[in-house]
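S.K.: Could you have a look at this structure, given as structure tokens, before my questions?
The values are calculated or read from the model by the stated rules, or taken from the named source; none is laboratory data. The structure displayed is predicted, hence computed values, not measured ones. Glycine gets a Cβ as well: all are built from the backbone with ideal geometry, and neighbour counts include every protein chain shown. These area figures cover heavy atoms from the full protein model, side chains too; ligands, DNA and RNA do not enter into them. Shrake-Rupley method; radii C 1.70, N 1.55, O 1.52, S 1.80 Å.
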Amino acid sequence: MIANLDKIQFASAVWYFTDYKKSLGNYIVDVDGNSLLDVFSQISSLPLGYNHPDLHKVIQDPDNQIAFVNRPALGIFPAEGWPEKLTNSLLSIAPKGHTQVNTFACGSCSNENAFKATFMWYRNKQRGGAPITDEENSSCLINRQPGSTPFTIMSFKGSFHGQTLGCLTTTHSRSIFKLDFPALDWPIASFPRYRYPLEEFAEENKAEDRKCLAQVEEEFERFNKSGRFVAGVVIEPVQAEGGDVHASPEFFQELQRITKKNGAALIIDEVQTGGGATGKYWCHEHFNLPDPADFVTFSKKMLTGGFYSLPEFRPQQGLKIFNTWMGDPSKVLLLEKVVEVVKRDNLLNLAQESGKRLMDGLKDLSKRYPQHIKNNVRGIGTFCAFDLSSPQKRDETFVKLQHHGVQSGPCGEQTLRLRPSLVFQPHHADIFLDILETVLNDI
Ligand SMILES: Cc1ncc(COP(=O)(O)O)c(CNc2csc(C(=O)O)c2)c1O
């Protein structure tokens, strides 16, 4: 099957063809009939696992079929009832203080448009109400200032924000994503790298926070002095592709203060951390930020891309935060049902309960197999990860887990990350941990 696909397109990234009829709940089934406990869930994008009956009902409902058949250009032809759909789905689970939401196709599209909305907001602040000049309108058509601005977005080493060109400039996780592509010269600061166990290295890790925050301040000063104004800062609550790298609530609280002090926007990229796996819909809500983030971008488990933004970031004109589809109402119909099921079945609490079972078990295995699992087991809810002793051992463990019936996911240099769906229960954690121990005795 891969060979057949490869006749049509590059297919070497395919892991295996999947039987989406037989895949069910937490289990993915390949076309050979092998059933694996899926703790990766399509790169962390399945909210309710495979073939959830409530989602099938959404599609079987005749009132909904119209939305699946007629995909609207949402920016100009929304269907009757669209505001209510957005209210019942996305706004019903919005981060505290957010009342505005836009939908887009994917995570990259959401981050790209958050960057654009940030640049417009920053330029309008500079204008202070002055009219747009003819020189601005003519110069931007040929990519020249003043119409094209010299603004930048600050990002962090190890980050991942997408592979479209603007996002790619803010992505720094793996060279394979960056090689051969042009990149904009935007500021890059360091994301904290902690020593574990955290309780033993509290002072060292606080010093690490201070060092990284000082770099943020330095980059603001360096770029603003040169007129390459930093209009926004984009950051993941946990750097996922970069290796599930965590930072303290205090780091994020201080980052928000520094960002505000420099007149820039804070863009929190919840594409991978958002959607409930951390026990809250929004991971950054574990950080008790003093104020709402200016933007919260999302995709994956939310089934639609998009961003929440504070009212001051609304565009002043049409067609600037805009594209043909602006998302997909059929995905928002599914999301509406997901939100209902998460509430009905208390799945955010389940993520906390299953996550605790995972973390306790992983910490126990890291104590009993220190030669294989490093002592930096980390996670929030089921958004967990552990490091093997080397990239090679990580890869070997990944393959042997697969052969023993577990589909996990690699990230960073030597990390295995867990990204189960929200229907993952404590007994699934036990099954995973038992199989992991079997594999640890075989690597
Ligand atoms: C934190 C964060 N921000 C943005 C993105 C981009 O989302 P998509 O464009 O892939 O939907 C992602 C997507 N994650 C992702 C995992 S592997 C991958 C890839 O392009 O290879 C992408 C993300 O994790």
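S.K.: Condition test on residue 125, is it surrounded by fewer than 23 Cβ atoms within 10 Å (Cβ to Cβ), among the charged types (D, E, K, R) and either within 16 Å of the ligand (Cβ to nearest atom) or outside any loop (DSSP other than H, G, I, E, B) (or both)?
M.R.: Considered against the rule, which asks whether it is surrounded by fewer than 23 Cβ atoms within 10 Å (Cβ to Cβ), among the charged types (D, E, K, R) and either within 16 Å of the ligand (Cβ to nearest atom) or outside any loop (DSSP other than H, G, I, E, B) (or both), residue 125 comes out as yes.
S.K.: Search the range 284-303 for residues being more than 21 Å from residue 264 (Cα to Cα) and crowded, with 24+ Cβ neighbours inside 10 Å, and hand back the single one that is farthest from the chain's Cα centre (by Cα).
M.R.: By that ranking, first place goes to 303.
S.K.: Please identify the pairs in which a residue from the range 64-87 that is closer than 15 Å to residue 103 by Cα has its Cβ atom under 6 Å from the Cβ atom of a residue that is open to solvent by 80 Å² or more (accessible area, probe 1.4 Å), counting only partners at least 6 apart or on another chain.
M.R.: Here the result reads 73/324, each pair linking the range 64-87 to a residue that is open to solvent by 80 Å² or more (accessible area, probe 1.4 Å).
S.K.: Can I ask one more? I'm checking my understanding of the structure. Among residues of the range 31-67 that are outside any loop (DSSP other than H, G, I, E, B) and among the small types (Gly, Ala, Ser), which one is farthest from the ligand (Cβ to nearest atom)?
M.R.: 35
S.K.: Moving to a separate point now. For the range 151-200, which residues satisfy the criterion of being of a type in the set (Gly, Ala, Ser), part of a loop (DSSP other than H, G, I, E, B) and under 28 Å from residue 378 (Cβ atoms)?
M.R.: Residues satisfying the conditions are 158, 159, 162, 173, 190.
S.K.: What are the residues in the range 249-272 that are of a type outside the set (D, E, K, R), in contact with an Asp or Glu (Cβ under 9 Å, 6 or more places away or on another chain) and either within 16 Å of the ligand (Cβ to nearest atom) or at pLDDT below 95 (or both), if any?
M.R.: 266, 267, 268, 271, 272 - these are the residues of the range 249-272 that are of a type outside the set (D, E, K, R), in contact with an Asp or Glu (Cβ under 9 Å, 6 or more places away or on another chain) and either within 16 Å of the ligand (Cβ to nearest atom) or at pLDDT below 95 (or both).
S.K.: Can I ask one more? Which of the numbered conditions does residue 11 fail, given that it passes all the others? Conditions: (1) within 16 Å of the ligand (Cβ to nearest atom); (2) open to solvent by 70 Å² or more (accessible area, probe 1.4 Å).
M.R.: (2)
S.K.: Answer yes or no as to whether residue 105 is in contact (Cβ under 8 Å) with a residue 60 or more places away in the chain, open to solvent by 60 Å² or more (accessible area, probe 1.4 Å) and of a type in the set (A, V, I, L, M).
M.R.: yes
S.K.: Hey, another quick one. On the basis of being crowded, with 24+ Cβ neighbours inside 10 Å, over 24 Å from residue 112 (Cβ atoms) and within 15 Å of the chain's Cα centre (by Cα), does residue 276 make the cut?
M.R.: yes
S.K.: Moving on. Go through the range 236-248 residue by residue and tally those that are within 16 Å of the ligand (Cβ to nearest atom) and either touching a helix residue (DSSP H, G or I) at 6+ places or on another chain (Cβ under 8 Å) or in a loop (DSSP other than H, G, I, E, B) (or both).
M.R.: The total comes to 9.
S.K.: Being among the aromatic types (Phe, Trp, Tyr) and assigned to a loop (DSSP other than H, G, I, E, B) is the filter; apply it to the range 14-30 and report the residue that is surrounded by the most Cβ atoms within 10 Å (Cβ to Cβ).
M.R.: Filtering first and then ranking leaves 16.
S.K.: Only one of 379, 355 is assigned to a helix (DSSP H, G or I), open to solvent by less than 40 Å² (accessible area, probe 1.4 Å) and over 30 Å from residue 64 (Cα atoms). Can you tell me which?
M.R.: The conditions single out 355.
S.K.: Looking only at residues in the range 290-303 that are over 19 Å from residue 339 (Cβ atoms) and in contact with a Pro (Cβ under 8 Å, 6 or more places away or on another chain), which one is farthest from the ligand (Cβ to nearest atom)?
M.R.: Only one residue tops the list, namely 292.
S.K.: From 218, 135, 204, grab the single residue that is part of a helix (DSSP H, G or I), touching a Pro at 6+ places or on another chain (Cβ under 8 Å) and either among the β-branched types (Val, Ile, Thr) or open to solvent by 40 Å² or more (accessible area, probe 1.4 Å) (or both).
M.R.: Just a single option satisfies the conditions, and that option is 135.
S.K.: Residue under question is residue 116, and the condition is that it be under 30 Å from residue 411 (Cβ atoms), in a loop (DSSP other than H, G, I, E, B) and more than 15 Å from the ligand (Cβ to nearest atom); does it hold?
M.R.: no
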